[in-house]
């Protein structure tokens with residue numbers, strides 16, 4: 001084709017692949033739910049919360065989620081569990097139970113309800129100055145009901161854990177989507193696919209602009225955590241506020257070392273160190289003084305962060 005139009009940003013990137021990809025738009029903003037606000041009991045047969053976990057250690061086939069008693073401070077990751085913030089539409093409950101010996105034994109499980117039914121949506125979190133030690137975006141595929149007819153709704157939700165030194169309240173999140181929002185202007189550029197049936201790009205709607213992306217390999221994550229190194233990324237343009245998204249659990253790199261004198265928790269810390277720089281370094285928590293059998297549990301994964309600045 002001799003004539004046409006290309007729409008690029010200042011870095012020379014195509015804003016949209018008109019042939020195969022839809023544009024992302026700002027779908028909704030919200031305020032996170034604090035995990036610490038969810039009811040919990042010290043009794044293991046009373047109530048439990050879901051929390052992010054390494055899929056290899058999750059119980060009950062729940063993938064990147066497992067359950068735990070958050071008041072059990074001897075658990076090595078207790079010190080960051082209560083910091084976790086949920087991007088969700090509310091908190092739901094299910095009550096699976098078993099019978100035996102003439103008794104009904106059950107536990108109420110609390111879980112974050114979905115914020116979207118679109119698998120392709122992306123959740124951004126506003127990151128505090130202290131940084132974040134974990135971002136998780138998950139699709140719940142669960143089906144079936146508990147004994148009361150309640151279900152875990154199928155859909156998307158996300159979690160972000162600020163650095164344990166963060167003492168502020170609930171942080172905002174932004175959901176971006178290929179779903180078309182309402183137009184905000186009567187004038188603009190609209191691009192359709194080849195048969196004219198699908199809008200691929202539309203400037204009359206609130207486009208979700210991404211500032212940059214940051215990638216670290218599993219090997220780099222392991223080096224940072226094991227050897228206490230750090231990596232600083234120079235952003236292509238300055239930002240006032242750091243908003244991050246990370247699909248799946250790739251951003252959940254950690255190492256827990258159990259010894260006869262205690263247990264130590266090592267994670268990544270991702271934070272803005274200047275208006276044009278993001279640094280990933282090691283976070284260390286001397287978590288507990290209880291005696292453990294010597295053992296190391298760790299998970300190192302490739303991590304891709306999308307960077308935005310939504311105010």
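Which of the residues belonging to the stretch 294-311 are over 20 Å from residue 235 (Cα atoms) and in a strand (DSSP E or B)? Write out each step before concluding.
Step one: list which residues in the stretch 294-311 are over 20 Å from residue 235 (Cα atoms), which gives 294-301.
Within the stretch 294-311, 295, 296, 297, 298, 299 meet the criteria.
In the stretch 185-207, the residue that is farthest from residue 34 (Cα to Cα) out of those that are loosely packed, with under 12 Cβ neighbours inside 10 Å and without any contact (Cβ under 8 Å) to a residue 60 or more places away in the chain is 195. Condition first: over 17 Å from residue 126 (Cβ atoms) and surrounded by 20 or more Cβ atoms within 10 Å (Cβ to Cβ). Now tell me which residues in the stretch 208-249 satisfy that. The answer is 216, 221, 224, 225, 249. One residue stands out in the stretch 262-293 among those that are at pLDDT 90 or above and outside any strand (DSSP E or B): the one that is farthest from residue 217 (Cα to Cα), namely 275. Of the strands (runs of 3 or more DSSP E) lying entirely inside the stretch 131-219, the ones with 1 or more residues being farther than 30 Å from residue 93 by Cα and at pLDDT below 80 are found at 190-192, 199-202.
The values are calculated or read from the model by the stated rules, or taken from the named source; none is laboratory data. Predicted, not measured: the structure shown is a model, and the values here were computed from it. Glycine gets a Cβ as well: all are built from the backbone with ideal geometry, and neighbour counts include every protein chain shown.
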